[in-house]
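Working notes, structure below.
The values are calculated or read from the model by the stated rules, or taken from the named source; none is laboratory data. Here the structure is a predicted model, which means the values were calculated and not measured. No Cβ is skipped: glycine too gets one built from the backbone with ideal geometry, and neighbour counts run over all protein chains shown. Areas reflect the complete protein model, heavy atoms only, side chains present, ligands, DNA and RNA absent. Shrake-Rupley method; radii C 1.70, N 1.55, O 1.52, S 1.80 Å.
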Amino acid sequence: MAEWLKRGKPETERAEDDAKTRLVVEQTLADIEARGDAAVRELAAKFDGYTPENFRLSQGDIDALMAELSDRELADIRFAQEQVRNFAQAQRDSMLDIEVETLPGVILGHKNIPVQSVGCYVPGGKFPMVASAHMSVATASVAGVPRIVACTPPWQGKPNPAVIAAMHLGGAHEIYVLGGIQAVGAMAIGTETIDPVHMLVGPGNAFVAEAKRQLFGRVGIDLFAGPTETMVIADDTVDAELCATDLLGQAEHGYNSPAVLVTNSRALAEGTLGEIDRLLKILPTADTASVSWRDYGEVILCDGHDEMLAVANDIASEHVQVMTDRDDWYLEHMTCYGALFLGPRTNVSNGDKVIGTNHTLPTKKAGRYTGGLWVGKFLKTHSYQKILTDEAATLVGEYGSRLCMLEGFVGHAEQCNVRVRRYGGINVPYGEGAPYREPAE
């Protein structure tokens with residue numbers, strides 16, 4: 001039976017926080033819809049202290065910001081984007097348009113068509129999330145999205161040069177320095193100066209995630225990406241320092257980032273708790289990570305790997321770092337997660353920043369029913385059909401006519417009947433199903 005050596009906030013308190021967030025977002029989105037640019041400007045002034053004449057950056061603005069970066073910094077951004085693009089392109093190449101003849105004269109197919117406009121939110125109020133631009137903007141570019149809008153909040157009172165460079169190099173067509181609910185709302189609802197998009201993607205804080213949830217349906221979204229979550233699955237093949245480092249490395253994201261250790265080693269569990277206390281005394285971001293660990297950190301001691309697997313699948317964490325004597329066994333049997341990081345040589349930061357997989361991943365147990373952002377999210381698979389011969393039109397029409405009448409849809413049946421009469425020369429009385437005939441050999 002699993003034993004919790006440390007628990008986070010109870011679910012009731014987490015639900016109360018979510019309810020408060022929902023109300024704020026609902027009121028804010030209604031204000032944006034009613035007052036457009038005026039509401040967006042007031043919100044930007046209130047939350048970011050940033051009210052330029054135009055929130056959209058000109059090409060001159062972009063060039064000037066990129067000039068602030070060193071050649072090394074630009075090369076690093078380009079390297080990371082190349083990895084993301086390479087993997088996204090390989091994924092895109094795996095998605096084929098198809099056309100098949102399922103019966104003589106009956107052609108069915110599908111086409112993968114890019115979403116026509118996408119709004120990419122790149123967080124950056126607390127930390128400038130350069131990598132998030134690769135994950136959304138560059139991936140949308142590989143998918144062939146013809147209009148890519150990117151929004152990011154100001155950082156320390158102005159646009160962050162590295163984030164803007166990543167957006168521009170990734171392929172953004174419009175870049176706005178806007179953050180929070182006002183950015184997501186403006187992109188989805190539209191204002192006097194920002195045309196609405198068809199889809200929203202990208203991670204963000206609890207307010208951004210809730211805004212996307214409330215806007216879903218009006219626009220498409222990638223997934224419900226809430227606060228960062230991380231899980232370490234480890235046995236006694238690794239040490240406490242490695243586990244503690246991997247847990248705190250994600251806990252520094254925010255004050256509500258769950259970090260969970262699942263292990264079958266009591267010595268490792270207790271050692272990791274002690275090591276976390278030590279690291280929090282020297283970690284520069286401890287003011288954030290310590291609150292996250294206090295309120296959302298958990299250590300779960302299990303009897304063995306089967307129980308560790310069951311606990312991990314139940315939690316369905318966004319990031320799952322596996323460091324055991326059977327990493328590939330977890331790869332084979334894990335079913336609910338955002339992304340796996342297998343073995344002590346890799347870590348979540350690889351996926352966050354550079355290795356090439358996408359770091360926008362499902363949270364809050366959404367890994368039970370969806371994967372993360374990938375090039376396929378920007379593509380819509382649309383089917384089509386055509387009938388090329390009179391014989392095929394007659395055959396399919398006869399079956400269709402009878403099946404429509406089985407459901408009571410007489411008008412539907414007549415769509416089939418008129419073809420049967422016209423292309424098969426068979427007299428089907430109006431409002432009746434086609435007679436059954438043995439198909440020709």
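Just to confirm a number: summing +1 for Lys and Arg and -1 for Asp and Glu over residues other than residue 221 whose beta-carbon lies under 11 angstrom from that of residue 221, what do you get?
On the way: positive: 212, 213, 218, 377; negative: 222.
So the environment of residue 221 carries a net charge of +3.
Defining a contact as two alpha carbons under 8 Å apart and six or more residues distant in sequence, what relative contact order in percent does the chain show? Could the numbers behind the result be given before it?
Values: 889 pairs, mean separation 79.9, N = 441.
For the chain, the relative contact order is 18 percent.
Among the trypsin sites (Lys or Arg not before Pro) in the stretch 354-441, which ones are in a DSSP loop with at most 15 other Cβ atoms within 10 Å of the Cβ? Mind listing them?
Working: sites: 364, 365, 368, 377, 380, 386, 402, 419, 421, 422, 437; in loops: 364, 365, 437.
Taking the stretch 354-441 and a limit of 15 other Cβ atoms within 10 Å, the loop trypsin sites (Lys or Arg not before Pro) found are 365, 437.
Using amide H atoms built in the peptide plane, which far-off residues or other-chain residues are under 5 Å from residue 220 H to H?
So residue 220 has HN proximity to 199, 200.
Go through (1) 63, 28, 17; (2) 42, 31, 21; (3) 46, 31, 21 and flag the label whose value is the computed semi-axes √(5λ) of the Cα gyration tensor in Å for this structure.
(3)
Rounding to the nearest 20 debye, state how big the charge dipole of the chain is about its Cα centre with +1 on each Lys and Arg Cβ and -1 on each Asp and Glu Cβ.
Details: 39 positive and 60 negative charges, 230 e Å.
Its charge dipole is roughly 1100 debye.
Can you tell me which aspartates and glutamates have their Cα less than 18 Å from the Cα of residue 281? Leave out same-chain residues fewer than eight positions away.
Once the sequence-local aspartates and glutamates are set aside, what remains near residue 281 is 241, 246, 252, 270, 295.
Under a crude label model (7 Å from the Cα following the beta-carbon direction), how far is residue 402 from residue 198 in nanometres?
4.0 nm
Against the longest alpha carbon principal axis of the chain, how many degrees, from 0 to 90 and to the nearest 10, is the axis of helix 286-296 turned?
It works out to around 60 degrees.
With a 1.4 Å probe and every protein chain kept in, tell me what percent of the accessible surface of the chain is carbon plus sulfur. Don't skip to the answer; put the middle values down first.
Values: 11050 of 20820 Å².
After summing per-atom areas, the C and S share lands at 53 percent.
Can you give me the angle between helix 161-170 and the longest principal axis of the chain, using Cα atoms only, in degrees from 0 to 90, rounded to the nearest 10?
20 degrees
Pairing the Cα long axis of helix 266-280 with the longest principal axis of the chain, what angle in degrees results, from 0 to 90 and rounded to the nearest 10?
Taking Cα atoms only, the helix is inclined about 70 degrees.
By how many nm would the segment from residue 51 to residue 365 lengthen if fully extended, with 0.36 nm per residue of separation less the alpha-carbon distance?
Details: separation 314, 0.36 × 314 = 113.04 nm, distance 3.74 nm.
Computed gain between residue 51 and residue 365 is 109.3 nm.
Given Cα pairs under 8 Å that are at least 6 residues apart, what percent is the relative contact order of the stretch 292-382? Write out the running numbers ahead of the final one.
Details: 110 pairs, mean separation 24.1, N = 91.
Result for the stretch 292-382 is 26 percent.
Among 212/386; 46/365; 212/380, which pairs are too far apart, with a Cα-Cα distance over 29 Å? Can you show the working numbers first?
Working: 212/386 38 Å; 46/365 33 Å; 212/380 19 Å.
Among 212/386; 46/365; 212/380, the Cα-Cα distance tops 29 Å for 212/386; 46/365.
Restricting to DSSP loop positions (anything but H, G, I, E, B) with no more than 10 other Cβ atoms inside 10 Å of their own Cβ, which trypsin sites (Lys or Arg not before Pro) remain in the stretch 177-282?
When the trypsin sites (Lys or Arg not before Pro) of the stretch 177-282 are filtered for loop state and at most 10 Cβ neighbours within 10 Å, 281 remain.
What is the sum of charges around residue 177, taking Lys and Arg as +1, Asp and Glu as -1, for the other residues whose C-beta is under 10 Å from the C-beta of residue 177?
Details: positive: 56, 158; negative: 48, 61.
Once all neighbours under 10 Å are counted, the net charge is 0.
Give the dimensionless ratio obtained when the Cα radius of gyration of the stretch 62-129 is divided by 2.2 N^0.38 Å. Please report the intermediate quantities before stating the final value.
Working: Rg = 20.4 Å, N = 68, 2.2 N^0.38 = 10.9 Å.
Compactness ratio reported: 1.86.
Quick check for you: which residues of the stretch 252-268 have the amide N under 15 Å from the point 7 Å beyond the Cα of residue 294 toward its beta carbon?
252, 254-257
To the nearest 10 Å², what's residue 87's accessible area with a 1.4 Å probe?
Spelled out: residue 87, probe radius 1.4 Å, area about 90 Å².
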